[in-house]
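Notes follow the structure.
Computed from the coordinates by the stated procedures, all read-outs in this text should not be read as laboratory data. Note that the coordinates shown come from a computational prediction; the quantities given were computed from them, not determined experimentally. So basically every Cβ, Gly included, is an ideal-geometry build from the backbone, and we count neighbours across all protein chains shown.
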Amino acid sequence: MLVLTLTGCVDGVKGSGKTMSLCHAVHYCSKQGWLVLHIPDAHLWVKNCKELLPSSYHASRFDQPIQASNWLRNFRTTNEHFLSKIKLRQRYVWTKRESTEEGRPLGELVDMGVSRVKSSSDVVGAVLKELRLQAGGTEGGFRLAVAVDGVNGLWGRTTLKKEDKSPVAPEELTLVHNLRKMINNDWCGGAVIATLSQTGSLYAPSSAYLPQELLGEEGFDSMDPFIPVPVSLYSEKEFESCYLYYLDRHWLQHPHSQTEEGKKELIFLSNRNPSVLERLCAFL
Amino acid sequence: MAASVTGLLKPWTPRVLLVRWSRYNPYYLEPEPRKEVYHIPETELTPEQKEERELKSVRPIKAATNSVTSSVFNDPVLSKFVNMMMKDGDKIIAKGIITQTLENMKRKQVEKYHKAPEGKKAEIECNPYTIFHHALENCKPVIGLASIQKGGKFYQVPIPLTDNRRRFLAMKWMITECRDNKHRRTLMYEKLSQELLAAFSKEGNVVKRKHELHKMAESNRAYAHYRWW
């Protein structure tokens, strides 16, 4: 039975709780037994990279060994029990002397990527490809959840430069190229949850929060069709529950903040924005 | 002096209007930022308050400074501390340090509160504002020293201090202590929160400095007669 992949795009103003909603969804998926592919911030892959190696697999692409090995390490700790169950369906050759045979568990591939830092980006590509092929399988099938935070970083510009000072386009990075293939809806058996983020984004105005503005034309077309999940500021009930939670944990210590007037003032000062409210209650 | 001058002067606006300066014609009255004062209905006013209101409707009022708010969370002592910590007029950084200090203190105290057994929970003080005020109280010296010249020599004479001077000395000692005696890597708010918590329980360097001042004043007790005011 083929289950088509759904794409959900979480968008909202700055500080309204997009990353937190993504984390809730990821937790739910992992509790249900899905395999979770969580990229904490896609913007970290397109900026501030100290080492940019030319890729061995494809001549015009660039590798990022540090980011790739970090991500593989985290992937290993989050999905321990899946690593021994999934077997590879293809033989991968890394160098003249090293190769990973068919039928070996995925854990071996990940360990190799962590230890051999130079080919870690290619290992990431191989892992993603395997998971894409096996996600919707009937025997031993598992559901795959791809959770990307700051997905608009994959289609914007990068701050990285080649040695001749010309800018690097995101397509020329192996990690970004492979991730884009995952977000394309052509595989089945899972879901893609993406969050837009203006905070870490490059060359985007600070007032932009809609999908069209942040993703650009290219990104919007490749994410299409997606389900927009708007995250608005706190409603009355949500604000009430947040306020009662702070009171319960003895976090609101100022005597005036526990009165009605103080509460009205908090609503006014924070405009019901979750992150602003947190920063206000920190010192009250 | 202001009272006699007030009778002679008429309300005048200078050619160059000083809006944010602190020197005003003594004819101008202080602004009232608190909201409760304006919510009292007409019938419940005492005669003095009625007179005051009539006076305020006639006289000009000074412009309120930016740091004074009608918010319930406004604290004049804390504002003074922020101003003293400020360097080169950068109030944002000073206010940021103070808010981080308050948050840090609250975090430490709430952690202790949650870990403590039931009986001891009531003794732990979690409110960072009360800790700040009590710590400042514990750092205020009771008696001060002045350098008075008598017969060619200068003597350190114990003198009484006004409330403002005591508060200023406590704040000054706290800030200099945190700026000088800290490790290169510790941040200001971390050191400040440690010192404030220590002063709250009457330990720490600032309280020690206060005690040393008291001891010096006690030892120089014999020179108290040199004071003529």
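Tabulated data for the structure shown
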read-out	value
Potential extension, B:Ile61-B:Thr46 segment - 0.36 nm per residue separation minus Cα distance	3.2 nm
Karplus-derived HN-Hα couplings along the stretch A:226-232 (A = 6.51, B = -1.76, C = 1.60, θ = phi - 60°), whole Hz, x at Gly and Pro	10, 9, x, 10, x, 10, 9
Inter-chain shielding of B:175-181 (mean C-beta neighbours from other protein chains, 10 Å cut-off)	0
Net charge, B:Asp163 excluded, C-beta distance under 13 Å - Lys, Arg +1, Asp, Glu -1	+4
Cα-based shape type of the stretch A:6-230, given that a ≥ b ≥ c are square roots of the gyration tensor eigenvalues and the cut on a/c is 1.5	oblate
Ascending count of other beta-carbon atoms within 10 Å, so fewest first, for B:Arg23, A:Arg279	B:Arg23, A:Arg279
Per-selection metrics, the protein assembly as shown (Cα): Rg and Dmax in Å	32.7, 107
Cα gyration tensor category, rounded, prolate or oblate, for the stretch A:236-281 with a/c compared to 1.5	rounded
Centre separation in Å (Cα based) which lies between the stretch B:38-115 and the stretch A:24-59	47
Mean separation of Cα contacts under 8 Å, 6 or more apart, over the residue count of chain A: relative contact order %	29
Span-rule helices in chain B, defined as complete DSSP H runs reaching 20 Å or more along the axis (Cα) with Kyte mean at least 1.6	none
Within straight-line cross-link reach of B:Lys120, lysines at Cα separation under 18 Å, skipping those fewer than 8 residues along the same chain	B:Lys106, B:Lys108, B:Lys112
Estimated 222 nm signal from helices in the protein assembly as shown, with DSSP H stretches of n ≥ 4 weighted -39500 (n - 2.57), rounded to 500	-14000 deg cm²/dmol
Euclidean distance between Cα centres, the stretch A:211-268 to the stretch A:61-78, Å	32
Dipole-positive endmost among A:Ala169, A:Asn273, A:Val229 within chain A (Cβ charges, Cα centre)	A:Ala169
Label point distance in nm, A:Ala282-A:Gln32, each placed 7 Å from Cα along Cα→Cβ	3.5
Normalised contact order of chain B, rounded percent, pairs of Cα under 8 Å and 6 or more residues apart	18
Charge context of B:Ile148, other residues only, Cβ under 15 angstrom, K/R +1, D/E -1	+4
Size of the stretch A:27-110 as Cα extents on the principal axes (Å, biggest first)	40, 33, 16
